[in-house]
Amino acid sequence: MKKPEFSSMSTIERTLSIIKPDAVAKNVIGQIVSRFEQAGLKVVAARLTQLSRAEAERFYAVHSARPFFKDLVDFMISGPVFVQVLEGENAILKNRDLMGATDPKKAEKGTIRADFADSIDANAVHGSDAPETAAVEVAFFFPQIDVHGR
Ligand code: GDP
Ligand code: MG
């Protein structure tokens, strides 16, 4: 019998997560990954890496016209980051829910940003915000990984 295709109706997704330099420096990689695992997200690729300025600028190119762009890039290259591909049911939205609002002061209690972030710049985590950005961002760090899990 033919192997079942990865159904187009399936809500199993892959998304890119970055544990940012502030959280890596705080030694909470494990605690943050634990939250993903407890929520049913599986780490299917991961590595600790140091972004160059050019890489950080390219990754955040969508924000290049924003007043905070230089601060954002300076922060993202200030130390190592832990990049991961997370897989699971509604992974993109689930990861965003676990992260909490961009500004940790506005993030709901119990979210990663509420618990680990210090400011809107040093806000502990990045997560892809839609299927299109997940595809681009997964390919940015893990070109060998198929974002559709095939
Ligand atoms: P995210 O998807 O929740 O990470 O937020 P955005 O995509 O809107 O912004 C990307 C990143 O830029 C955020 O995670 C922050 O680190 C930073 N950022 C966003 N808005 C601001 C801002 O108003 N001021 C500063 N300093 N940084 C910001
Ligand atoms: Mg964003």
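Please treat every number below as a calculation from the coordinates, not as lab data. Just so we're clear, the structure is a prediction, and the values are computed from it rather than from any experiment. Note that we place each Cβ from the backbone using ideal geometry, even for glycine, and neighbour counts take in every protein chain shown.
Looking for something aliphatic (A, V, I, L, M), touching a helix residue (DSSP H, G or I) at 6+ places or on another chain (Cβ under 6 Å) and within 14 Å of ligand 1 (Cβ to nearest atom) - is there at least one such residue anywhere in the range 57-70?
No, the range 57-70 has no match at all.
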Scanning the range 119-132 for residues that are more than 9 Å from ligand 1 (Cβ to nearest atom) and without any contact (Cβ under 8 Å) to a residue 40 or more places away in the chain, which turns out surrounded by the fewest Cβ atoms within 10 Å (Cβ to Cβ)?
Glu132
Would you kindly identify the helices (runs of 4 or more DSSP H) lying entirely within the range 83-150 that contain at least 1 residues that are more than 16 Å from ligand 2 (Cβ to nearest atom) and farther than 13 Å from Glu13 by Cβ?
112-116, 131-141
